[in-house]
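The values are calculated or read from the model by the stated rules, or taken from the named source; none is laboratory data. These figures come from a predicted structure and were not determined experimentally. Here the Cβ positions follow ideal geometry from the backbone for every residue, glycine too, while neighbour counts run over all protein chains shown. For accessibility, only protein heavy atoms count, side chains too; no ligands or nucleic acids. Shrake-Rupley method; radii C 1.70, N 1.55, O 1.52, S 1.80 Å.
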Amino acid sequence: MLRDPGMANDPLLAALEAITALRSLETVEAALLKTIGEIYPQIDRLHLLTWHDGELIEYGALLDGQFAEHNGSPLHAEHPLYSLRHTLHYDPERKPGVYGEYYLYPLSRLDTLTPTHALLALRTTRLSGQARKVIGSLIRIVENFTELLREKNRDRLTGLFNRHQLEEGIHQLLNRRTPHTGGQYWLAMMDIDHFKQINDTLGHLFGDEVLLTVSQLMQGAFRNQDQLFRYGGEEFVVLLGGVDEDGALGALERFRSDVERYRFPQLDSVTLSIGYCQLLNQGSAATALGEADQALYQAKHRGRNQVFAYHQICATQTINPETGSIDLF
């Protein structure tokens, strides 16, 4: 079958071709906003919104053709959607429709590094009903595409992001660390203490149950906007943003304590050792992971079942170069 040469000039088909060539879930999300803005320039504002703890949060926006990442900024009083924040509460049955000056599309199936159950809000008074249907179809196509990416980027046992997605997540936060965002981003590496002994004594099926339970406790201990990964084996990683060190340490200690208190069948207890570092000017995912890994080594070396910071190593000059190497990617 010969391809219609006119199809190559169709901006919607060209946009779909470009989006489906992407392999980063969060990049797909940004591309969706840019594509809608380019195809329909009469749309002067697009906002990507979601909910966290009952609060409406913005993760990205297209303003007059320019994409802006907000990394989970709550709506402030001057935000154009602030007056609608109570109307835009989470509703799993929400249908596309008009709310004030905005037309809203639910994005309940988008699976990116930001939370699910999102809304795409566009503002225009000059968009036809047919154009709205086309945008809705484009959103559904992109959502279906992200489902395919999800299978590639998720760990099959726990459902957390896998290490292939981790490098992308670290690079995003390193590049996002600017003065106007506060620059408070943290990388923590976690390891289940004596996990080999659990496998050897009770079997790998029981070990898998421990991994699954720890991943579920992990999802309950951290915020929706925190990025959770299974790094491999019994190791997990979390990326935190928008908190100072006290907030990051508090979240990590809460998770460590939740695991310690949980009553696993046939085990007295399961504990975690955690090492973390701040994402500053490391320049690469490998360097940042190396710092967190050195902090993790110190947490284990000092007795396990504790949280240790990389800057504590720097302060005491106890870095052991033999322990900082990581076989990354």
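Side notes on the structure shown:
- Checking Thr323, Thr318 one by one, the residue that is modelled with pLDDT under 95, in a loop (DSSP other than H, G, I, E, B), in contact with a helix residue (DSSP H, G or I) (Cβ under 6 Å, 6 or more places away or on another chain) and farther than 13 Å from Ala188 by Cβ is Thr323 and no other.
- Whichever residue in region 160-216 is within 17 Å of the chain's Cα centre (by Cα) and aromatic (Phe, Trp, Tyr) and, among such residues, is modelled with the highest pLDDT: Trp186
- Hey, Gly136 out of contact with any strand residue (DSSP E or B) (no Cβ under 7 Å at 6 or more places or on another chain), free of Cβ contacts under 8 Å to residues at least 60 places away in the same chain and either on the phi > 0 side of the Ramachandran plot or among the small types (Gly, Ala, Ser) (or both) or not: no
- Pair list, Cβ < 8 Å and 6+ apart or interchain, from region 250-273 residues that are surrounded by 15 or more Cβ atoms within 10 Å (Cβ to Cβ) to residues that are of a type in the set (Gly, Ala, Ser) and at pLDDT 95 or above: Leu252/Ala188; Ser273/Ala299
- Residues being open to solvent by 60 Å² or more (accessible area, probe 1.4 Å) and in a helix (DSSP H, G or I) - total across region 123-167: 15
- Ala286 falls short on exactly one of the conditions (1) open to solvent by less than 10 Å² (accessible area, probe 1.4 Å); (2) small (Gly, Ala, Ser); (3) in a helix (DSSP H, G or I), and that condition is (1).
- Qualifying position, being of a type outside the set (Ser, Thr, Tyr), in contact with an Asp or Glu (Cβ under 6 Å, 6 or more places away or on another chain) and at pLDDT 95 or above, among Glu253, Glu235: Glu235
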